[in-house]
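Read-outs throughout are calculated quantities, based only on the coordinates presented, and are distinct from any laboratory measurement. A quick note: this is a predicted structure, and the numbers were derived from the prediction, not measured. Neighbour counts are summed over all protein chains in view; Cβ atoms, including those assigned to glycine, are modelled from backbone coordinates with ideal geometry.
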Amino acid sequence: MTKHIPQRDQQPWMVLHLSAEKGEFTAVGGKAARLIELHQRHYPVPHGFVVTVAAFQRYCEYNQIDTNCDESDRKLQADQVLKGNYPPELKHEIEQALLYYSFTTYAIRSSSILEDGTINSMAGQYHTYLNATVDEVFTLIKACWASMYSTAAVAYNERNLTVNAFQMGVIVQEQKNPQYAGVLFTMNPVSKDTDHLIIEWVEGLGDKLVSGEVTPNRIVVSRLTRQVTFHVGTALPPHLILRLVQLSLSIEQDYQFPIDVEWCIEEDEVIILQVRPITALQGKQNIIWTNVNMVENFPTVVTPFTWSIVSSFYQHYTRQMMKLFGWKDSELEPLRTVIDYSTGIHAGRIYYNLSNWYECAYLLPIGPLLKTLLDNFIGQQVPFPFIPNTDIPSKFNKQNKIRRYLSFSYHFTKLWMSASTRVEQYETAFYERRSKWRADGYKQLSLQQLLQVLDDIMNGLVKHYYDRPAVVDLLAAVFPGGLKLLVKRWLQNVDINTDLAVVHLMQTEDLRSLEPSHLIEEQAILIHSHASWQRLLEENKLEELELQLHGEARKKFELFMEQYGGRCYHDCTIVSPTFEERHDLYWQLVRKYQAASQQRTSSSSNPSLTQETQSSVIDWTAHIQQSLTRWQRVAFRFLLHHTHQSIRLRERSRIIRSLLFGEIRQIALQLGQRLVEKGHLEQVDQIFYLQWNEIQDLAYGKYQFPETIPMLIALRQNAHQNNESTEPPSLFVREQSIYYQSQPMPTVDYDQEHTRLVGIAVSGGTVTGRARIIFDPVNDPGLEPGDILVTRSTDPGWTPLFKIAAGLVVEKGGMLSHCAIVAREFGIPAIAAVERATSRIADGDILILHGDTGEIERVELAADVRDII
C-alpha cells in the first residue's frame with residue numbers, strides 16, 4: 001500500500017496499523033506484535049490493523065464488564081462481551097481503518113498476550129474467522145474477545161499465573177484467496193531435530209489443515225541443501241518451496257529460535273500469515289547435541305571399548321584447552337560437569353554436547369565470537385539462542401574485564417606463535433614412546449603389562465600432550481573461520497560467488513596426510529619396472545613378493561609400514577585392521593595406483609568422458625584482492641597464510657591421532673587374547689564390547705560379577721546391531737539425561753527417476769564417472785580408477801583412495817572436513833552433505849559431479865547400464 005497511514009495524537013492506541021513504525025505500538029498481543037515486526041523487516045505479510053489490548057479494556061470499561069471474573073461467571077462475561085456496545089471513539093477508529101483499507105473480505109484473528117510466546121503458544125485456543133465482510137467485522141471482533149472465556153482457553157492458561165490472561169488484541173487483515181496454504185516447521189516438534197524443515201499444506205485456505213478435516217500433503221526439506229528429500233502427496237512447485245524455505249530460515253535467524261510459520265501462496269507469491277516460536281524447548285534443561293564434524297571420524301555405531309577411549313581423550317582435550325588460557329585445575333574443578341562432559345553418545349554414535357562447548361567458549365572473554373567460529377568450524381547451523389549458565393570464578397569476573405582480555409590475547413598469541421613447535425613435540429613424543437611400547441612386542445607382554453602400556457598412552461602421552469590437537473583445532477576455527485566470515489562481509493556487494501571463492505582459498509599444499517599416497521605411488525612405479533615383482537603382484541603372491549623386495553622398493557615398503565602402517569580405514573573406530581595387520585591392503589592399493597596411472601596416460605592421449613571439464617582456472621587470491629581496500633588486502637593475506645598453516649598443522653595432528661588409535665587397537669587385540677586364555681571371553685574381538693575400565697577391573701579382581709560378562713557382551717552386540725539400522729539426526733535437542741530413541745530408518749520415498757542431487761561444494765571441478773558405493777574399503781574393494789567414490793564419510797585412513805577416485809560424494813562433512821581438504825589437494829571434485837547419498841545413488845550409476853556448484857547429475861542409472869551390457 002502506498003497511501004499514508006493516518007496519524008493520531010491520542011494515547012493509548014486503540015487501533016494500530018500492522019505496518020506501524022518501530023516503537024509506536026503498545027500492547028497488541030503476541031501474534032500481532034510478531035506481524036508488526038515482520039512488516040518492519042519487510043517480509044510479505046498481509047496488510048491490516050490490530051484492535052489493541054487497550055481497546056478491549058476501554059470496551060469493558062464502557063460496558064461495565066469485570067474481566068477478573070470467577071469460574072462460575074465466565075459464560076456470563078462472554079455473553080456481556082458479545083452483547084456490549086462499542087465506545088464511540090473506538091468504533092470511529094475501526095471505521096476509519098476499514099475505510100482506509102477497503103478490502104473485499106477480511107480475516108479476523110485473535111492476538112492474546114499469551115499467544116505465540118516462547119513459553120506458551122495457545123495454538124487453536126482462540127477464534128479465527130475467515131472471509132468476513134466489512135459488515136461482520138465489528139461482531140467478529142467481539143467474538144474473538146469472548147473466546148478468551150471459553151472452557152478450553154481458560155484451562156490452557158491456568159498454568160500461567162503471572163499475568164492477567166484476559167487481555168487480547170484482535171487482528172483485522174486482508175483476506176487472501178490462496179492456491180495453497182499450510183505450515184512450515186524449522187524444527188521437527190516431535191523428535192526435536194533440526195536437520196529438516198517439515199512443510200504440510202492443502203489446496204485453498206488453511207482452515208482445513210488446522211481443523212484436521214483433510215490429510216495434508218507433506219514435504220521434508222534438507223536444512224543444509226534446501227532440497228526436498230521426502231514428500232507425501234502432491235509436491236509444491238520447486239521455486240515456491242525454495243522461496244518459502246528461504247523466508248522461513250531468514251525469519252528464524254532474525255528470532256534466533258526454531259519457529260513454525262503459517263503461510264499461503266497467492267498468484268505465485270509466498271505470503272507469511274503468522275510466526276510463532278516452537279515452545280517445546282522452553283522451561284527445561286535442554287542439551288544441544290550434534291555429530292556434524294564428529295561423524296567424519298566416527299561414521300557409524302562405535303563399540304563400548306572405542307567409546308570409553310574416545311570419551312577419555314575428549315576429557316583431556318577440553319581440560320587442556322582451558323588450561324592453555326590460564327585456568328588452573330583448582331579453578332576447573334567446580335566446572336567439571338561442563339569440562340568433562342563435552343561429548344555424549346546417542347544411538348551408539350558419538351555426539352558433541354554443544355551446550356557444554358558453548359559454556360566453555362563463554363568462559364573466555366570473546367565467548368560470542370568463539371561460538372560463531374565454533375559453529376563455522378564444525379559446519380553446523382544452530383538455530384538456538386545461547387545464554388551461559390556457568391558462573392565465572394571471581395578471578396575472571398566482569399570487574400576484571402580488561403585483565404581477562406589481556407590474558408586471553410597473551411595466551412592466544414603465545415599458542416599461535418608456538419603451534420608448529422608444539423605439533424613437532426607431539427610427533428616426537430609419540431614416536432619415542434611407541435618405540436618403548438613396542439620394545440618387547442605386544443605378543444610377549446602379560447595382561448598386566450599390556451594394561452600398563454595402555455595406561456601410559458592415556459595418562460601419559462594423551463594427558464600431557466593432547467593440548468596439541470586442541471591448539472591446532474582452535475587455530476583451524478579462528479583463521480579459516482575468520483577468513484570465511486570476512487570474505488563474505490567484504491564481498492557482499494560484489495559480484496563474486498563467495499562460497500566458491502572460499503572453496504578455492506582453502507586449497508593448500510604440503511599436507512602430511514598426502515605422504516602415504518606419494519609413497520604408494522612411488523612403490524607402484526618401482527614394482528611395475530621390475531618384471532618378476534610385477535608378475536608376483538598380479539598373481540597375488542604377496543608374501544613371496546615381500547621376501548624378494550630389495551633396494552629402493554624395500555625402503556619404500558618399510559618406510560610406509562613404519563610411518564603409516566598403524567593406520568587403517570575408519571582409523572578412529574579402533575575396530576578396522578591396520579596396514580601392518582593386513583599387508584594385502586597395501587598391495588591392493590599399489591595395484592590400483594598402477595591402473596590409475598595407466599588410465600591417466602590413456603586419457604591424456606585420447607580424452608574420454610572421465611574428465612569432461614575442469615574448474616575454471618582463476619587466481620582467486622588476486623581476483624578477490626581487486627575488490628578490497630588496501631588494509632583489507634593486508635588482513636586478507638594475513639588470514640590466508642595462517643589459514644593454510646593451520647590446515648597443514650591440523651592434518652599432521654590427525655595423523656598422530658590415527659596412529660595412536662592404531663596402537664591402541666593392537667594392545668586391545670592382545671588384551672582380548674589374554675582374556676580368552678583366562679576363560680573370560682570366547683573370541684578375541686569380544687574385547688571391543690568391554691569398556692576400558694571394565695577390562696582393568698576384570699584384570700585386577702575388581703569386577704563384581706564376572707560370570708555375567710558373556711551375557712553382557714551378547715546384549716551389547718545385539719544393541720550395536722540394532723543401532724546400525726537407525727539414522728539419528730545431525731543436530732537435535734533433548735532434556736538432560738534423555739537419550740535419542742533408536743528407530744528403524746524409514747523407507748524414504750525418493751523418486752527413482754529423480755536425476756539431480758545437491759550437496760555442499762567442497763572441491764571444484766567437473767567429472768563424469770561410475771558411482772561406487774563404499775562403506776568399508778577392507779570388505780568393499782571395488783573402487784577402480786576413474787570411479788566416483790560415494791560413501792557416508794571419510795577419515796585420514798581413506799586418503800590413499802583419493803588417488804584412485806575421479807570424484808567424491810559423501811553424506812557428511814563440510815569445508816574443513818578431511819575429505820574436503822584432501823580432495824582439493826588431489827584436485828578431484830568433491831561434494832559433501834549429500835543426504836542419504838549411499839541409498840539415493842545406486843552402485844554403477846553414471847554421475848556428473850559439478851564440484852563448483854554442489855550439483856550431481858545421474859545421467860545413466862545402473863539398471864540401464866546393465867541392460868546395455
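Contour minus end-to-end for ASP780 and ALA235, with contour as 0.36 nm per residue of separation and end-to-end as the Cα-Cα distance?
Between ASP780 and ALA235, full extension yields 192.5 nm more.
Across region 302-311, in residue order, what do the Karplus-derived ³J(HN,Hα) couplings come to in whole Hz, using 6.51 cos²θ - 1.76 cosθ + 1.60 with θ = phi - 60° and x for Gly and Pro?
Residue by residue, region 302-311 yields 9, 7, x, 5, 4, 4, 5, 6, 5, 4 Hz.
For the chain, what is the Kirkwood estimate of the hydrodynamic radius, computed as the reciprocal of the mean inverse distance between distinct Cα atoms, to one decimal in Å?
In the chain this quantity evaluates to 30.9 Å.
If the reach is capped at under 16 angstrom between alpha carbons, list the aspartates and glutamates near LYS702, excluding any in the same chain fewer than eight residues apart.
Partners within reach: GLU694.
With +1 on the Cβ of every Lys and Arg and -1 on the Cβ of every Asp and Glu, and nothing else charged, how large is the dipole of region 756-868 about its Cα centre, in debye rounded to the nearest 20? Mind showing how you got there, number by number?
Details: 11 positive and 16 negative charges, 39 e Å.
I would put it at about 180 debye.
Could you tell me the calculated FRET efficiency between LYS702 and LEU559, based on Cβ-Cβ distance and R0 = 45 angstrom, to the nearest 0.05?
The computed FRET efficiency comes out at 0.55.
Per residue Cα convex hull volume for region 180-281, in cubic angstrom?
Dividing the Cα hull volume of region 180-281 by its residue count gives 99 Å³.
As a quick test, which of the pairs LYS323/LYS436; LYS436/LYS678; LYS371/LYS488 have an alpha carbon distance above 20 angstrom in this structure?
Numbers: LYS323/LYS436 29 Å; LYS436/LYS678 27 Å; LYS371/LYS488 18 Å.
Beyond 20 Å: LYS323/LYS436; LYS436/LYS678.
For region 681-695, in order, what is each residue's ³J(HN,Hα) by Karplus, 6.51 cos²θ - 1.76 cosθ + 1.60 with θ = phi - 60°, in whole Hz (x at glycine and Pro)?
10, 8, 9, 4, 6, 5, 4, 6, 9, 10, 7, 3, 5, 5, 5
For LEU76 and SER446, calculate 0.36 nm times their separation in residues minus their Cα-Cα distance, and state this gained length in nm to one decimal.
On the way: separation 370, 0.36 × 370 = 133.20 nm, distance 8.63 nm.
So the extension gain works out to 124.6 nm.
Show me 378-386, 301-309, 442-450 ranked by packing, highest mean number of other Cβ atoms within 10 Å first.
Working: 378-386: 18.0, 301-309: 22.2, 442-450: 14.4.
Most protected by this proxy first, the peptides run 301-309, 378-386, 442-450.
Please give the peptides 50-59, 358-367 ranked by average Cβ packing (other Cβ atoms within 10 Å per residue), highest first, as a rough proxy for protection.
Taking the mean over residues of other Cβ atoms within 10 Å, the ranking is 50-59, 358-367.
Compute the distance from the alpha-carbon center of region 264-279 to that of region 776-843, in whole Å.
39 Å
Give the aspartates and glutamates reachable from LYS75 as a straight Cα distance under 14 Å; neighbours fewer than 8 places away on the same chain don't count.
Within reach: ASP66.
Per DSSP H run of at least 4 residues, take -39500 (n - 2.57); add these up for the chain, divide by its residues and hand me the 222 nm value, nearest 500 deg cm²/dmol.
That comes out to -14000 deg cm²/dmol.
For each of VAL790, VAL275, count neighbouring Cβ atoms within 10 Å of the residue's Cβ, then give the residues from fewest to most.
VAL275, VAL790
Restricted to Cα positions, what overall size does region 552-600 have along the principal axes? Three whole-Å values, descending.
35, 24, 14
For HIS583, what is the net charge nearby, where nearby means another residue's Cβ is under 11 Å from its Cβ and Lys, Arg count +1, Asp, Glu -1?
Summing Lys and Arg as +1 and Asp and Glu as -1 gives -4.
Fully extended, how many nm does the chain gain between TYR341 and GLN256 (0.36 nm per residue separation, minus their Cα-Cα distance)? Write out the running numbers ahead of the final one.
On the way: separation 85, 0.36 × 85 = 30.60 nm, distance 2.53 nm.
Stretched fully, the TYR341-GLN256 segment lengthens by 28.1 nm.
Among LYS328/LYS414; LYS541/LYS592; LYS31/LYS83, which pairs are too far apart, with a Cα-Cα distance over 19 Å?
On the way: LYS328/LYS414 17 Å; LYS541/LYS592 16 Å; LYS31/LYS83 26 Å.
Exceeds cut-off: LYS31/LYS83.
If you plug each phi of region 462-472 into the Karplus form 6.51 cos²θ - 1.76 cosθ + 1.60 with θ = phi - 60°, what whole-Hz ³J(HN,Hα) values come out, in order, with x for Gly and Pro?
With coefficients 6.51, -1.76 and 1.60, one gets 5, 4, 9, 10, 7, 6, 5, x, 5, 5, 5 Hz.
Order of ARG633, ARG438, ARG824 from fewest to most other C-beta atoms within 10 Å? Don't jump to the answer; show the numbers that get you there.
Numbers: ARG633 16, ARG438 12, ARG824 25.
Neighbour counts put them in this order, fewest first: ARG438, ARG633, ARG824.
If you place +1 on the Cβ of every Lys and Arg and -1 on the Cβ of every Asp and Glu, how big does the dipole about the Cα centre of region 317-442 come out, in debye to the nearest 20?
Around 280 debye, computed over region 317-442.
How would MET458, MET815 line up from fewest to most surrounding beta-carbon atoms within 10 angstrom? Before the final figure, lay out each step's value.
Numbers: MET458 19, MET815 23.
Ascending number of Cβ neighbours within 10 Å: MET458, MET815.
Determine, for each peptide in 501-513, 31-43, 524-536, the mean count of other beta carbons within 10 angstrom over its residues, then list the peptides with the highest first. Before the final figure, lay out each step's value.
Values: 501-513: 18.8, 31-43: 20.3, 524-536: 16.5.
Top to bottom by mean Cβ count within 10 Å: 31-43, 501-513, 524-536.
Express in % the proportion of alpha carbon pairs of region 756-868 at distances exceeding 19 Å.
In whole percent, the long-distance tail amounts to 34.
Dipole of the chain, Cα-centred, from +1 at each Lys and Arg C-beta and -1 at each Asp and Glu C-beta, to the nearest 20 debye?
Dipole about the Cα centre, nearest 20: 2640 debye.
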